[in-house]
Amino acid sequence: MALSGGVDSAVAASLLKDAGHEVEGIHMQLWDSPTSQYQQRQAEALCSRLGIPFHSVDLRGEFDRRVVEYFCQEYQRGRTPNPCVTCNRHIKFGILLDRVLSAGADYLATGHYARVEHSNDGYRLLKAIDASKDQSYFLHTLTQERLAHILFPLGNHLKHEVEAIAARKGFPVARPSRDICFISQRNYRAFLKHHSAGSPGEIVDSRGEVLGHHQGTGCCTIGQRHGLGVATGRPLYVTGIEPERNRIVLGSEQQLYSQTVAVAELGWVAGKPPLAHDSMAGKIRYRSREAEATLFIGRDHTEARFARPQRAVTPGQAIVFYRGDEVLGGGVIESSEPLGENEKRK
């Protein structure tokens with residue numbers, strides 16, 4: 001059982017033990033910080049309380065190379081990466097899963113809110129019962145081989161049920177963090193400035209008129225409005241980031257909308273794409289709503305076309321495809337095509 005030191009993985013471990021499984025806890029050391037050290041102590045204390053073995057695995061080097069460096073490099077390219085997707089793919093369900101299976105375990109369990117279902121066609125990745133906590137978006141890179149050895153004990157539980165179990169068993173219920181594990185919202189820009197080599201450049205409008213100056217393109221993301229240091233008397237948003245020209249482009253709310261999205265690194269949970277006529281919905285970020293989409297897969301180019309325009313489609317973010325509760329797969333947003341003037345008016 002992968003233990004973060006938080007309440008979700010604590011309850012998941014307890015549920016597995018109560019169900020009669022032979023459970024051992026494992027905590028990943030990913031980052032050097034007082035918070036990380038506290039989380040490891042919490043995970044070790046939980047194992048002691050449950051009477052299960054505790055293991056700690058140092059993955060700081062791999063995490064830095066696979067996740068942190070990728071995160072910074074993507075921002076340097078004018079993109080906005082999703083480090084949780086990268087971590088799940090390469091660290092948690094990559095290196096860690098391989099290690100626990102090599103050590104003789106049958107499964108790696110985590111506290112994610114998602115479900116795995118076995119069917120005649122293989123393993124299906126499904127949304128959690130609790131839609132407000134569903135984390136299947138971050139897991140779309142999982143393959144059949146991986147899903148065969150993964151358990152999500154919380155997938156069929158509502159969050160308030162998990163908190164009730166934690167209270168009944170005396171587990172601490174901490175407020176969930178909205179920060180990336182290696183960077184907090186309070187020092188987000190400082191982190192990027194320190195780790196990404198950026199230089200001052202121009203902030204322009206869609207006609208190329210200079211509106212101001214930035215301290216590095218890596219400090220902005222598509223759709224951003226505040227913190228730009230530009231006063232124009234009208235709302236303007238980041239509509240483009242051009243690292244090759246070292247400039248940020250601002251535009252109107254309308255200029256944020258797209259219906260056609262180029263997709264890279266496309267993969268499918270089933271190991272093969274759905275049939276061409278299958279209906280599906282796409283999701284362009286974790287907190288966005290799903291929207292009806294049609295996928296066009298070519299030899300050298302793949303694009304998703306949404307039935308309704310999507311706001312602030314951001315290169316570097318994951319795009320995930322669903323059919324009802326099932327996660328079909330997903331990829332990385334490469335670019336988007338802004339709406340034409342007639343489409344905007346429509």
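Here, each number is a calculation from the coordinates, and none is a lab measurement. Computed from a predicted structure; not experimentally measured. Here the Cβ is made from the backbone with ideal geometry for all residues, glycine too, and neighbour counts use every protein chain on show.
Build a GNM of the chain with springs between Cα atoms under 10 Å apart, and of Gly298, Gly218, Gly271 the one that fluctuates most is Gly298. Tilt of helix 7-18 relative to the longest C-alpha principal axis of the chain, in degrees (0 to 90, nearest 10)? Long axis of 7-18 versus the principal axis of the chain: about 30 degrees. Between Lys17, Lys193, Lys272, the GNM of the chain built on Cα springs shorter than 10 angstrom shows Lys272 fluctuating the most. Where a ≥ b ≥ c are the square roots of the eigenvalues of the C-alpha gyration tensor, would you call segment 1-125 rounded, which needs a/c under 1.5, or, failing that, prolate if a/b is larger than b/c, or oblate? Oblate, since a/c reaches 1.5 and b/c is not below a/b. With contacts taken as Cα pairs under 8 Å at a separation of at least 6 residues, the chain carries a relative contact order of 16 percent. Around the Cα centre of segment 198-252, unit charges on the Cβ atoms of Lys, Arg, Asp and Glu (plus for the first two, minus for the last two) sum to a dipole of about 140 debye.
The antiparallel fraction among DSSP beta bridges confined to the chain stands at about 80%.
In summary, the convex hull built on the alpha carbon positions of segment 198-252 has an orientation-averaged projected area of 3.2 nm².
What pairs from Lys133/Lys169; Lys17/Lys127; Lys92/Lys272; Lys92/Lys283; Lys92/Lys133; Lys17/Lys159 go past 26 Å between their alpha carbons? Going by Cα-Cα distance, every pair falls inside the 26 Å limit.
Here, the chain is characterised by an Rg to Rh ratio of 0.99, where Rg is the alpha-carbon radius of gyration and Rh the Kirkwood radius. In a DSSP loop and with at most 11 other Cβ atoms within 10 Å, the GluC sites (Glu not before Pro) in segment 201-296 are Glu209, Glu244.
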